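Asker: Right, I'll just put the structure down here and ask away after.
Where a number appears in this text, it was derived from the coordinates with a stated rule and is not lab data. If you're wondering where the values come from, they're calculated on a predicted model, not measured in any experiment. Neighbour counts run over all protein chains shown; Cβ positions are idealised from the backbone, glycine included.
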Amino acid sequence: MSMLPQWAMDALNILTQLFVLALGAAALAMIVMYIVDRAQTADAVRRNYPLVGRFRNLFTTLGEFFRQYFFAMDREELPFNRAERDWVYRSARGEGGTVPFGSTKPMDKVGTALFVNCAFPLLDDHAAATEPLRIGPHARKPYDAPSFFNISGMSYGALSKPAVRALSRGAAKAGIWLNTGEGGLSPWHLEGGCDIVFQIGTAKYGVRNAAGGLDDRRLRDMADIDAVKMIELKLSQGAKPGKGGILPAEKVTAEVAEIRGIPVGEASISPNRHPEFDDVDGLLDMIGHIREVTGKPVGLKAVIGAYGWIEDMCEAITRRGTESAPDFFTIDSGDGGTGAAPMALMDNVGLTIRESLPMVVDILERYGLRGRVRVIATGKLLLPGAVAWALAAGADFVQCGRGFMFSLGCIQAMKCHRNTCPTGVTTHDKRLQRGLVVTDKAERVARYADTIRSHVEMIAHSCGVAEPRQLRRKHVRIIQENGRSLPMSAIDFMPPPDGRNRPGDMPSQP
């Protein structure tokens, strides 16, 4: 040590003193934490095991990330596994949906849908383009919807400004519609020039009066915007059927509050249903009123639980005339998603789209309304197989939300409700929003939509039909408990006609 120059010795002495001070500070901090842990009464583990007990919370937090990146297999995670997310990421980057070596999907799992390929599949040059499909023939301005795959309702406020801007631009580039969600119509929805489906939730955001009811003047002004093609009256959504929307206070910025017509900085909670009506006649009256005021096609969105009201609605339409019917029916899945919802509802209430979609299609068919009411399916339909299944089950259109969130860069961090989304998709933190570059993500949105449509067409051609809407239930087989499959056309999805559940009734047998 004596060979070191004086300046080195001085530096070494300073480092030694700093190290001793750091050790002393660490020891003091540990003593303080020990005392705090022993004294506090909220956490039994920390009270019984001071200091060491703190690692439990740390490991619980880190475990979420370690499972996702290191321990979970490709097909294990929920709500979306790594294989599903990676397919969307590759498609959004324009890398296609090709994978090597073989499928990792368990194809013998009960309920799995397998498409029946044709011995002589359609040649590519014999394929037909998917033609626009008219919605709302009795509206003054019917909508010829160009794409069978579109973006489902995600509100500005729940999503960030750059996320909505990227969706709008990407939707315009891909020629698909963008559903506003219940949070009102923002300038960012309109920025890209895409077709807009305006959703009216129970709080009437964007078209509400001071009392929270429907304001016909604001409704008319909104519908006068040419980009707005349809209006969707939301009764319920898959993640929280029977409960209104929830927007945390930290997301209610001045801009969001102005668009929605609500107070700044206060949590926004929608009613659990529309107070204007409480039966199917009132529902049809509301749909007719909105269609008359706006001149645009009007439909409804609901997650299906009790199905008797659908029978009641069809009977009412039969009495009134088919012009009174909703122009479309968006069926949401009981496993649908949202940024914030009570776990009690998210985990336990509502039928999944696998059961509810064919059921509703069959009810409409029984009453001769299948051609009048267009059917839109939504709820975890983000891969080509799921989209093709929905079309074969009877849907005219498919909407997807979380697939497009993945195309924007969502990593399923499960922070949607905390305003801390690390990819800028669901946060109003400007620092985090900076990571979402609108021009780049708009291209990814369009590429994801294009890839989905291309691969659904591929499935259709393999089944021997010219375009996806020609897929039928006979083209799909469903794996049964014995390991064998049955054609979906042989499965009876039709409910008995006495399944009417009404407020106050004892539950009827589905």
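Asker: Work out, step by step, the length gained on full extension between A344 and D108: first 0.36 nm times the residue separation, then minus their alpha carbon distance; give nm to one decimal. Mind dumping the intermediate values first?
Answerer: Details: separation 236, 0.36 × 236 = 84.96 nm, distance 3.05 nm.
Between A344 and D108, full extension yields 81.9 nm more.
Asker: Using Cα centres only, tell me the gap between region 149-192 and region 356-432 in whole Å.
Answerer: With region 149-192 and region 356-432 each reduced to a Cα centre, they are spaced 14 Å.
Asker: If R₀ is 56 angstrom, what is the calculated FRET efficiency for the pair D124 and A42, using the beta carbon separation as r and rounding to 0.05?
Answerer: Approximately 0.30, to the nearest 0.05.
Asker: Run the numbers for L12 and T318: contour at 0.36 nm per residue of separation, minus the present Cα-Cα distance, in nm.
Answerer: On the way: separation 306, 0.36 × 306 = 110.16 nm, distance 9.19 nm.
Extra length available between L12 and T318 comes to 101.0 nm.
Asker: I'd like to know which of H189, A27, P146 lies farthest towards the positive end of the charge dipole of the chain, counting +1 on Cβ of Lys and Arg and -1 on Cβ of Asp and Glu.
Answerer: The listed residue farthest towards the positive side: A27.
Asker: As a quick test, which of the pairs K105/K173; K204/K243; K161/K234 have an alpha carbon distance above 25 angstrom in this structure?
Answerer: K105/K173
Asker: Quick one: if you stick a label point 7 Å off each Cα along the C-beta vector at E95 and D224, how many nm between them?
Answerer: It works out to 4.9 nm between the two label points.
Asker: Another one. Take the Cβ-Cβ distance between A267 and E365 as r, set R0 to 51 Å, and report the resulting FRET efficiency rounded to the nearest 0.05.
Answerer: 0.75
Asker: Which residues among region 41-58 fall inside the zone where the amide N is under 17 Å from a point 7 Å beyond the Cα of M30, along Cα→Cβ?
Answerer: Those under the cut-off are 49-56.
Asker: Another question, if that's okay. Neighbouring Cβ atoms within 10 Å as the yardstick, rank L383, L133, L345 fewest first.
Answerer: L133, L345, L383
Asker: With viscosity set to 1.567 mPa s and temperature to 4 °C, compute the Stokes-Einstein D of the chain, Rh being the Kirkwood radius across alpha carbon pairs; µm²/s, no decimals.
Answerer: My calculation gives 52 µm²/s for D.
Asker: Moving on. Ignoring everything except DSSP H segments at least 4 long, calculate the 222 nm mean residue ellipticity for the chain; use -39,500 (n - 2.57) per segment, divide by total residues, nearest 500. Could you put the intermediate results ahead of the total?
Answerer: On the way: 16 runs with 190 residues, N = 510.
After summing the helix terms and dividing by residue count, I get -11500 deg cm²/dmol.
Asker: May I ask you to compute the full-extension gain from A22 to R434, defined as 0.36 nm times their residue separation minus their alpha-carbon distance, rounded to one decimal in nm?
Answerer: Separation in residues times 0.36 nm, less the Cα-Cα distance, equals 144.7 nm.
Asker: Another one. Looking at the chain, what % of its DSSP beta bridges pair antiparallel, to the nearest 5?
Answerer: Taking every DSSP beta bridge with both residues in the chain, the antiparallel ones total about 30 percent.
Asker: Can you put T352, T294, T16 in order of Cβ neighbours within 10 angstrom, beginning with the fewest?
Answerer: T16, T352, T294
Asker: Further question on the same structure: What distance in nm separates the two pseudo spin-label positions at F277 and A210, each 7 Å out from Cα along the beta-carbon direction?
Answerer: 2.8 nm
Asker: Roughly how big is the chain's charge dipole about its Cα centre, with Cβ charges of +1 (Lys, Arg) and -1 (Asp, Glu), in debye to the nearest 20? Let's see the in-between values first.
Answerer: Values: 61 positive and 56 negative charges, 163 e Å.
It comes to approximately 780 debye.
Asker: A follow-up question, please. Under 24 Å Cα-Cα from K109, which lysines qualify once same-chain neighbours fewer than 8 residues away are excluded?
Answerer: Candidates past the 8-residue exclusion: K380, K474.
Asker: Rank these for me by crowding, I317, I246, going from fewest to most other beta carbons within 10 Å. The partial results should precede the final answer.
Answerer: Values: I317 22, I246 18.
Ascending number of Cβ neighbours within 10 Å: I246, I317.
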